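Here is the structure we will look at, set down as structure tokens.
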Amino acid sequence: MSNDPQSVPSVAQVVHQHLEKVSKKPFGAEDHLREDLGLDSIRLVSVVTRLTGALKVSILSFSDRDLIGLNTVGDVVRLFEAKIQTQSS
Amino acid sequence: MNQESVMVRDQVNRMFQQLAESQGNLVTYRAGQRISIPWPEVRVDVRRACNYLGQQGLVAGDHVAIQAQNGYEWVVFDLATLACGLVTVPLDPAAAYPVAEFRERYDIRFWLTDVPEADGELTRPLGEMLDADPVGVDWTAHVYAPDDPVSFKFTSGSTSGPKAMRALKKSVDAALTHVQGLFHHGPGDTIIVFLPMSTYQMRLWLYSAVVYEHDLLLVPRSLVFYALETEAPTVLMGVPYIYEAIQKMALTAVEDPQDAAAVREEVQRILGGNIRYLWTGSAPISRDLLLFFNANGAPIYQGYGMNEICIATKNYPGHDRPGSAGKALPGKEIAFDAHGQILVRSEHEVANAYFRARPEDDAATFIKPKWVATGDIGHLDADGYLYITGRIKDLIVLSNAAKVHPNLVEKTLLNAPEIRQCMVYGDRKPYLVALIVPTDPAATREAIGEVIRAANRELRPHDRVLRFALVREAFTEEAGLLTSSNKLRRKPIIQLYQENLEALYEQ
């Protein structure tokens, strides 16, 4: 990856990259984690754990209630965007 | 069969005193920070909480509810209720309860919660108990009698809704004593608990940590993998689904899943690299999964129990037969009724009845003093290891009176890679039939028929599937056809495919 800031992947790109590793088929932002990607709740915890490392968000800021609200790929993106926003403010 | 060969110690009544002397720490996360607090320091907050509970006018025997995520306050609250002689009503932190109705149904005098949206008139914020002053030096902890209840336990009832029971103090002492006899936890051990503390078994690990002086690593589910990797615990208290997840994580993380050394390294990395053993229970686990962890340097021990009997059997180091649920613990006796249903006698029983249940529910489970009918079917091998083969409610009795355990037949069919899912059917019918979901949606009847004929050769005559219907749509949890642990929900499947199934008897 170059140092060009334009090449820094967006939160959505990083989330998609990580979900691609565990999903058996292509998916979009509105696809459901469980029904479409086949991701049960404990595997979602493992993906979120890795995403916190990749996106440099403190995992200790996450609660079980945050995870209960995650239904779609887009929900994961929005949750991380919100955490990054809170962390930087 | 297995008589009480080990003295049961009075653990519950010495818990408060033991806190003052116990080595080891409570490690958890609070307000975004990791905290590690020695048990004697936890005791100071327990004393505060005792004062707080007293200020609310609560007296020994009162029912107090808690609804909170795993964390420091849960521990303080729980140890305080024990010290005050109260009866805990542990509630699922993720559930929305009808507060007023629940208070009445379970005689709840007081309800502490960390759920922000809970009705503030009937519930109190959990954190406020830590603001109280400690109780005075002349204060002494409550002493429970052996048959006093210490906590509610809730169990899911498939036909009549959830049922509740109150666990007797003596059953807690027995479980602590006998599990310790098998695994010898002590200083140097760190047991990670991520399942909700509202599940009674999780709280036994808290008491074990205090009494046997080891660390308790208590985390919400969202932090389980982080905590495993960073804290390197020695024992993981788990259920099959986390082990299935870890296996998948390890096999997808390595370049070549056939590379045994790489897989082992990844499994150890996920688990933190310091595991002494893995605990599994609550649901059946596949033998292959057990062997996977055993082969990767993380011995895993399956057991058997239910809310009504607590832990009854367990494999443990030196006495491990993968695929079995282990041998009976001291004080537990295993027997079977005429249908092969497992009956368990507990010298120190959990309860003798459900709390305010229908008499028929009590009679069906608490069949005589100290004996519980489990609803599970199984057998013991010659050395006393218990094998669970199914649920009594699933037992199929053919019209010729032959009994079929559907799980065993389905397991045989599922050995064929061509079959993705299946369910056999035939209660009070002349022969067994099956619904088959083929792995390849385009598979022909002839091809699947050949697979079933091959499977039948491995089965006893009355276990053979004589006709089948192909189902092109997989059974899913979303459609209400699987449980959350991927088990078949037979009734809805039968209802959905009733016509197809009946047609198999008309041809």
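The values are calculated or read from the model by the stated rules, or taken from the named source; none is laboratory data. Every value quoted in this text rests on a predicted model; they were computed, and no experiment measured them. Don't worry about glycine lacking a Cβ; one is built from the backbone with ideal geometry, like all the others, and counts go over all protein chains shown. Ligands, DNA and RNA are stripped out before the accessible areas are found, and what is left, the full protein with its side chains, is counted by its heavy atoms. Shrake-Rupley method; radii C 1.70, N 1.55, O 1.52, S 1.80 Å.
Need one number: the % of Cα-Cα pairs in segment B:228-327 sitting beyond the 20 Å mark. I get 35 percent for the Cα pairs in segment B:228-327 exceeding 20 Å. When only Cα pairs below 8 angstrom with a gap of at least 6 residues are kept, segment B:317-425 shows a relative contact order of 21 percent.
Within the straight-line cut-off of under 18 Å between alpha carbons, the lysines reachable from A:Lys25 are B:Lys248, sequence neighbours fewer than 8 places apart in one chain being disregarded.
Working from the Cα coordinates of chain B, the gyration tensor eigenvalues give, after taking √(5λ), semi-axes of 43, 26, 22 Å in decreasing order.
Think of a 1.4 Å ball rolled over the protein heavy atoms: segment B:21-86 then has 32 Å² of accessible area per residue. Here segment B:370-452 is treated as an ellipsoid with the same Cα gyration tensor; its semi-axes, largest first and in whole Å, are 29, 16, 10. For the pair B:Phe336 and B:Ala447 in one chain, pulling the backbone fully straight at 0.36 nm per residue adds 35.9 nm over the alpha carbon distance. For chains A and B, what's the summed buried accessible area, probe 1.4 Å, to the nearest 100 square angstrom? Heavy-atom accessible area buried at this interface is about 2000 Å².
Using the reciprocal of the averaged 1/r over all distinct C-alpha pairs, how large is the Kirkwood radius of the protein assembly as shown in Å? Computed over Cα pairs of the protein assembly as shown, the Kirkwood hydrodynamic radius comes out at 26.2 Å. Kirkwood Rh over alpha-carbon pairs of segment B:277-389, then Stokes-Einstein at 4 °C and 1.567 mPa s: what D in µm² s⁻¹, rounded to an integer? Taking Rh from Cα pairs, D becomes 88 µm²/s. Protection proxy ranking for B:219-227, B:406-414, using the average of other Cβ atoms within 10 Å per residue and placing the highest first: B:219-227, B:406-414. Counting, for every residue in A:64-76, the Cβ atoms of other protein chains within 10 Å of its Cβ and taking the mean gives 2. Each listed q (0.12, 0.14, 0.15, 0.19 Å⁻¹) maps to a log10 I(q)/I(0) for chain A from the Debye sum over equal C-alpha point scatterers, namely -0.35, -0.47, -0.54, -0.86.
From the helices alone, meaning DSSP H stretches of at least four residues, give me the mean residue ellipticity at 222 nm for chain A, per-run term -39500 (n - 2.57), in deg cm²/dmol to the nearest 500. Calculated mean residue ellipticity at 222 nm is -16500 deg cm²/dmol.
Over segment B:50-158, what is the relative contact order in percent, taking alpha-carbon pairs closer than 8 angstrom and at least six residues apart? In percent, rounded to a whole number, it is 36. Once both labels are positioned 7 Å from their Cα atoms along Cα-to-Cβ, the gap between B:Ile367 and B:Glu101 label points is 3.4 nm.
The mean of 1/r over all pairs of different alpha-carbon atoms in segment B:17-61, once inverted, gives a Kirkwood hydrodynamic radius of 12.0 Å.
Go ahead and run the numbers for FRET between B:Lys491 and B:Asp288, Cβ-Cβ distance against an R0 of 45 Å, rounding to 0.05. Calculated transfer efficiency: 0.95. A convex hull fitted to the Cα coordinates of segment B:1-130 yields 157 cubic angstrom per residue.
Rounded to whole Å, the principal axis extents of the Cα atoms in segment B:73-215 read 46, 43, 30, largest first.
For the peptide B:217-228, the mean number of other protein chain Cβ atoms found within 10 angstrom of a residue's Cβ is 5. Look at the stretch B:230-242: the mean tally of other chain Cβ atoms within 10 Å of its residues' Cβ atoms is 1. For segment B:161-303, relative contact order (Cα pairs under 8 Å, six or more residues apart, normalised by length) works out to 21 percent. Do any of B:Lys153/B:Lys403; B:Lys370/B:Lys393; B:Lys153/B:Lys491; B:Lys368/B:Lys429 go past 24 Å between their Cα atoms, and which? Result: B:Lys153/B:Lys403; B:Lys153/B:Lys491; B:Lys368/B:Lys429 exceed 24 Å. Put simply, the convex hull of the Cα atoms in segment B:306-461 casts, on average, a shadow of 12.2 nm². Checking the Cα-Cα distances for B:Lys170/B:Lys327; A:Lys24/B:Lys327; A:Lys21/B:Lys487 against a 29 Å cut-off, the pairs over it are A:Lys24/B:Lys327.
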